[in-house]
Each structure stands twice: as structure tokens, then as C-alpha cells.
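The values are calculated or read from the model by the stated rules, or taken from the named source; none is laboratory data. Keep in mind it's a predicted model, so treat the numbers as computed, not measured. Reconstructed Cβ throughout: ideal geometry from the backbone, glycine too, with neighbour counts over all protein chains shown.
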Amino acid sequence: MSGRLAGTVALVTGASSGIGAATAGSLAAEGAAVAVLARRRERLEDLAGSIRATGGTVLVVEADITDQPAAAAAVEQVVAELGRLDTVVNNAGIMLVGPVADAPTEEWEQMLAVNVQGMLYVTRAALPHLLRAVEDSPRRVADLVNISSTAGRVARPGTAVYNLTKFGLNAFSEALRQEVGPKRLRVSVVEPGTVDTELSSHVRDGVREAIVRQVEGMELLRPEDIADAVTYIVTRDRRVAVNEMLVRAAEQT
Ligand code: NDP
């Protein structure tokens, strides 16, 4: 396929729904061969079918990124089957919010496992391949895009542990950016506002209603809006690094 990412390979985690699915579609439309990773294989197969229907190349990778060996094996599978790795979008994430005082601690463990540890495992496994891609590619650049949140910039009551994971992701990304930027591996953070996805459906009863009330009547972002942001970042000329992009719904405070 032609496009600004023709000849490159991208891995998108959390691609079975929402932002990840839209991002995979957008990168494929730019000509990247795309590996779509998540736990729900059927959803990935559906997405793969729609990408193939438009002439794109796609690899379905069923994996749980909280399992370190599985995350590493998933990255190796992408390189073995698609030949290289130029772009990684660390998008998989969960938001199990609610006040700290009465929170079930398993929710904290799950959020830390996916949003922090899983992201680290994928990043660690991908880095050697991304650095090699810089050398190999005519573009002479590679990209790691981490999906954070407005919650990575502003802490609010009721979202403390989610804030912790996303502030942490931002800090990690900034430090890593300085480590690998000089090698032309660009590290970027995208901070979405409220996007219409499945994310809040996992919030426990009693808390979810408050979240829904907060955004009632507001025109939310669509997954495609964040896919656009990611695609903008990874299609810049190699001399340009967009380090951070905060994208709120227009009416969001
Ligand atoms: P969705 O719930 O629609 O998508 C989350 C994705 O993460 C799914 O594909 C899910 O797939 C995947 N995932 C969850 N756990 C794992 C795991 N252990 N291993 C592999 N994949 C996993 O939510 P969004 O699209 O909204 O969220 C995407 C990212 O955007 C998240 O990091 C979120 O924090 C961030 N974000 C979202 C906002 C919003 O308002 N929606 C706002 C700001 C940031 P599966 O269950 O099949 O494994």
C-alpha cells in the first residue's frame, strides 16, 4: 500500500476497541503493516478483516501485556512475521476509578499491571527493534507513542490511582525520550480528554454513574480524533519530534 508509512511496521496495543482500533486503522491507511494486539481475538479478527478489505496488511496478536513473557513474545512475533518494527503505540489501558478510601485494592493492582507494567514490558521488548529500525529505514526515524490522558496532567478527586499511572507514564516517557531521542527514536505522549469508548464501562457500579453524569450533554471526542493525533505525530519529517499532545473535547473543562 502507498502512504506516508509505506514500508514500515506498527504495533498497536489495546487494538480490540476504542482508540487502539481507530489508530490501527489510521496507520494502516497510511500504508503501515499493522500488528493489532489485545486479549479478545475475535474483536481483533473483525478489525483485521476491515483493514484487509481496504488493502492493508495486518497481523493479529492475542496477548495479555501484564504477562511479561507473553508481552515479549508478542513483540518478537511481530518482528518475525512482519520483518521489522518502526512504530509502537502503547495504548492498552484501563480506568477503574473511585475514591481511595473504599476502593477494592484489586482495582489498583489491575491498573498498575496494565497501564504501568504492561506498558513497560512492551516498551522494553520493542526498544532494540525500534532502534534497529532507525538504522534500516529510509525514514531514519522510529516512534514510540504512549497514550496517557488529561489525567496524566491534572489530578482530581476520585481518580487518584488512575492519575498515578498516567502521571507515571508521562514521567517515564519524558526520561526515555531523553535517553533515545538522540538516536532518532522519538518518544511522544498523547493525552486524550474524554473519548467515547468502552473505557468507563469497566468502572464499578455506583461510581460509573457519576462519571456518566459529568459528561452528560457534552459532545465527546471520537476514537478517530486520537488516531488522527497519533498519525500526525508519526508522519512528521524526521527532523520534527512532537513530544506531547493534549487533545480535549471542545466543551471539556
Ligand atoms: P477501551 O476500553 O475501548 O480499550 C482498551 C483496550 O486495552 C482494549 O483493546 C483492551 O483489549 C486493551 N487491554 C486491556 N487490558 C489489556 C491487557 N492486559 N493486555 C492487552 N490489552 C489490554 O478504552 P480506550 O480506547 O478509551 O482506551 C485506550 C487508552 O486511552 C487507555 O490507555 C486509556 O487510559 C486512554 N485514555 C482514554 C480516554 C477515554 O476517555 N476513553 C481518555 C484518556 C486516555 P482486551 O480487553 O481485548 O484485552
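Here's a check for you: in segment 127-137, which residue that is assigned to a helix (DSSP H, G or I) and touching an Asp or Glu at 6+ places or on another chain (Cβ under 8 Å) is nearest to the ligand (Cβ to nearest atom)?
Start the filter on segment 127-137 by keeping residues that are assigned to a helix (DSSP H, G or I), which leaves 127-136.
Keeping just the survivors that are touching an Asp or Glu at 6+ places or on another chain (Cβ under 8 Å) gives 130, 133.
Values: Leu130: 19, Ala133: 23 Å.
Per the stated criteria, the residue is Leu130.
Just to be sure before I move on: is Val203 surrounded by 21 or more Cβ atoms within 10 Å (Cβ to Cβ), within 21 Å of Gly14 (Cα to Cα) and either among the aliphatic types (A, V, I, L, M) or modelled with pLDDT of 95 or more (or both) in the structure I sent? I'd like the intermediate steps shown before the answer.
Working: surrounded by 21 or more Cβ atoms within 10 Å (Cβ to Cβ): no; within 21 Å of Gly14 (Cα to Cα): yes; either among the aliphatic types (A, V, I, L, M) or modelled with pLDDT of 95 or more (or both): yes.
Criteria not met by Val203.
Suppose we keep only residues that are of a type in the set (D, E, K, R) and in a helix (DSSP H, G or I) within segment 85-126. Which one would you say is farthest from Ile233 (Cα to Cα)? Steps first, answer last, please.
Here is the first cut: in segment 85-126, the residues of a type in the set (D, E, K, R) are 86, 102, 106-107, 109, 124.
With the extra rule that they be in a helix (DSSP H, G or I), the set shrinks to 106-107, 109, 124.
Working: Glu106: 35, Glu107: 32, Glu109: 31, Arg124: 21 Å.
In this case the residue turns out to be Glu106.
Considering each of Gly18, Gly31, Gly98, Gly83 in turn, give the residue that is over 22 Å from Ile147 (Cα atoms), modelled with pLDDT of 95 or more and surrounded by fewer than 23 Cβ atoms within 10 Å (Cβ to Cβ).
On the way: Gly18 fails: over 22 Å from Ile147 (Cα atoms); Gly31 fails: over 22 Å from Ile147 (Cα atoms); Gly98 fails: over 22 Å from Ile147 (Cα atoms).
Gly83 is the lone residue from the list that is over 22 Å from Ile147 (Cα atoms), modelled with pLDDT of 95 or more and surrounded by fewer than 23 Cβ atoms within 10 Å (Cβ to Cβ).
Can you tell me which residue is nearest to the ligand (Cβ to nearest atom) among those in segment 1-50 that are over 18 Å from the mean Cα position of the chain (by Cα) and among the hydrophobic types (A, V, I, L, M, F, W, C)? Before you say what the answer is, go through the steps one by one.
First, pick out the residues of segment 1-50 that are over 18 Å from the mean Cα position of the chain (by Cα): 1-4, 6-7, 31, 42, 45-46, 49-50.
From what's left, among the hydrophobic types (A, V, I, L, M, F, W, C): 1, 6.
Values: Met1: 24, Ala6: 26 Å.
Going through the qualifying residues, I end up with Met1.
Only one of Val75, Val89, Val61 is under 19 Å from the mean Cα position of the chain (by Cα), within 13 Å of the ligand (Cβ to nearest atom), within 24 Å of Leu246 (Cβ to Cβ) and not aromatic (Phe, Trp, Tyr); which? Spell out how you get there, then give the answer.
Numbers: Val75 fails: within 24 Å of Leu246 (Cβ to Cβ); Val61 fails: within 24 Å of Leu246 (Cβ to Cβ).
Selected residue: Val89, the only one of Val75, Val89, Val61 that is under 19 Å from the mean Cα position of the chain (by Cα), within 13 Å of the ligand (Cβ to nearest atom), within 24 Å of Leu246 (Cβ to Cβ) and not aromatic (Phe, Trp, Tyr).
May I ask you to list pairs of residues, at least six apart or on different chains, whose Cβ atoms are under 9 Å apart, with the first in segment 86-101 being without any contact (Cβ under 8 Å) to a residue 40 or more places away in the chain and the second being of a type outside the set (Lys, Arg) and buried (at least 24 other Cβ atoms within 10 Å of the Cβ)?
Nothing qualifies.
Does Val234 satisfy the criteria of being under 27 Å from Gly83 (Cβ atoms), among the aliphatic types (A, V, I, L, M), away from the ligand (no atom under 11 Å from the Cβ) and surrounded by fewer than 18 Cβ atoms within 10 Å (Cβ to Cβ)?
Values: under 27 Å from Gly83 (Cβ atoms): yes; among the aliphatic types (A, V, I, L, M): yes; away from the ligand (no atom under 11 Å from the Cβ): yes; surrounded by fewer than 18 Cβ atoms within 10 Å (Cβ to Cβ): no.
The answer is no for Val234.
Show the residue pairs that are 6+ apart or on different chains and have beta-carbon atoms under 7 Å apart, the first residue being within segment 111-140 and more than 22 Å from Gly7 (Cβ to Cβ) and of a type outside the set (A, V, I, L, M, F, W, C), the second being more than 10 Å from the ligand (Cβ to nearest atom) and part of a helix (DSSP H, G or I).
Pairs that qualify, where the first residue is more than 22 Å from Gly7 (Cβ to Cβ) and of a type outside the set (A, V, I, L, M, F, W, C) and the partner is more than 10 Å from the ligand (Cβ to nearest atom) and part of a helix (DSSP H, G or I), are Tyr121/Gln68; Tyr121/Ala72.
Report every pair of residues separated by at least 6 positions or lying on different chains whose Cβ atoms are under 7 Å apart, first residue within segment 32-59 and farther than 25 Å from Ala142 by Cβ and without any contact (Cβ under 8 Å) to a residue 40 or more places away in the chain, second among the hydroxyl-bearing types (Ser, Thr, Tyr) and surrounded by 14 or more Cβ atoms within 10 Å (Cβ to Cβ).
Listed pairs, sorted by first residue: Arg40/Ser16; Arg43/Ser16; Arg43/Ser17.
Just to be sure, is Leu130 within 19 Å of the chain's Cα centre (by Cα) and surrounded by fewer than 19 Cβ atoms within 10 Å (Cβ to Cβ)? Steps first, answer last, please.
Numbers: within 19 Å of the chain's Cα centre (by Cα): yes; surrounded by fewer than 19 Cβ atoms within 10 Å (Cβ to Cβ): no.
It is false that Leu130 is within 19 Å of the chain's Cα centre (by Cα) and surrounded by fewer than 19 Cβ atoms within 10 Å (Cβ to Cβ).
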